[in-house]
Amino acid sequence: MNIGEVAKASGVSAKMVRHYEESGLIRPATRSGSNYRTYSQNDVEVLRFVKRARTLGFAMKQIATLLALWEDRSRPSSEVKQLARQHIAELNARIAELTGMRDTLEHLARHCRGDSRPECPILEGLAASRH
């Protein structure tokens, strides 16, 4: 398969396929006699794995670790579970942070009249948080 075909089959754009190769996340494609990238069905599966991991919010470094674990059929599943649990904790921290941000902004927006007057609790709240 060429890069367009592997992109379509995996659901990953050709630009991202090249990016993943350049960053070392996936193995470089083999090259044809005319130096075009060529891919196999295994490459499609790896790219689908990467896409799904990205969808779940894993960082590139975490995905590299997950790929290595996925390819190592003798690995203990405890390593994979530990990575997943760590990522869940990170997601929960981000969710708490985003929830706090949303709640603060909702509070400020509720107290803003949104009329022609210049008083604006939203801007005042933003200015008050500066150091």
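The values are calculated or read from the model by the stated rules, or taken from the named source; none is laboratory data. Predicted, not measured: the structure shown is a model, and the values here were computed from it. With ideal geometry, Cβ positions are generated from the backbone for all residues, glycine too; neighbour counts draw on all protein chains shown.
Looking across the stretch 1-52, just one residue is among the hydroxyl-bearing types (Ser, Thr, Tyr), closer than 28 Å to Ala84 by Cα and without any contact (Cβ under 8 Å) to a residue 12 or more places away in the chain, and that is Ser13. The set of residues from the stretch 112-124 being surrounded by 11 or more Cβ atoms within 10 Å (Cβ to Cβ) and either touching a residue at least 40 places away in the same chain (Cβ under 8 Å) or of a type in the set (Asp, Glu) (or both) comprises just one member, Glu124.
Yes or no, residue by residue, for (1) assigned by TED's automatic domain parsing to the domain that holds Ile122; (2) assigned to a helix (DSSP H, G or I); (3) out of contact with any Cys (no Cβ under 6 Å at 6 or more places or on another chain):
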residue	(1), (2), (3)
Val12	no, no, yes
Arg48	no, yes, yes
Lys51	no, yes, yes
Gly57	no, no, yes
Leu66	no, yes, yes
Arg85	yes, yes, yes
Thr99	yes, yes, yes
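Inspect all residues belonging to the stretch 1-18 and state whether any of them is within 18 Å of the chain's Cα centre (by Cα), crowded, with 17+ Cβ neighbours inside 10 Å and farther than 16 Å from Leu67 by Cβ. Yes - at least one qualifying residue is present in the stretch 1-18.
The set of residues from the stretch 68-87 being farther than 25 Å from Ile26 by Cβ and either among the acidic types (Asp, Glu) or within 21 Å of the chain's Cα centre (by Cα) (or both) comprises just one member, Arg85.
Only one entry of Leu25, Leu66 meets the criterion of being touching a His at 6+ places or on another chain (Cβ under 9 Å) and within 26 Å of Arg94 (Cα to Cα), and that entry is Leu25. Residues being closer than 30 Å to Glu45 by Cα, surrounded by 12 or more Cβ atoms within 10 Å (Cβ to Cβ), assigned by TED's automatic domain parsing to the domain that holds Ala127 and touching a residue at least 12 places away in the same chain (Cβ under 8 Å) are entirely absent from the stretch 104-111. Look at the stretch 63-91: where a residue is surrounded by 14 or more Cβ atoms within 10 Å (Cβ to Cβ) and a partner is of a type in the set (Lys, Arg) and part of a loop (DSSP other than H, G, I, E, B), sitting 6+ places away or on another chain with Cβ atoms under 6 Å, you get Leu69/Arg75.
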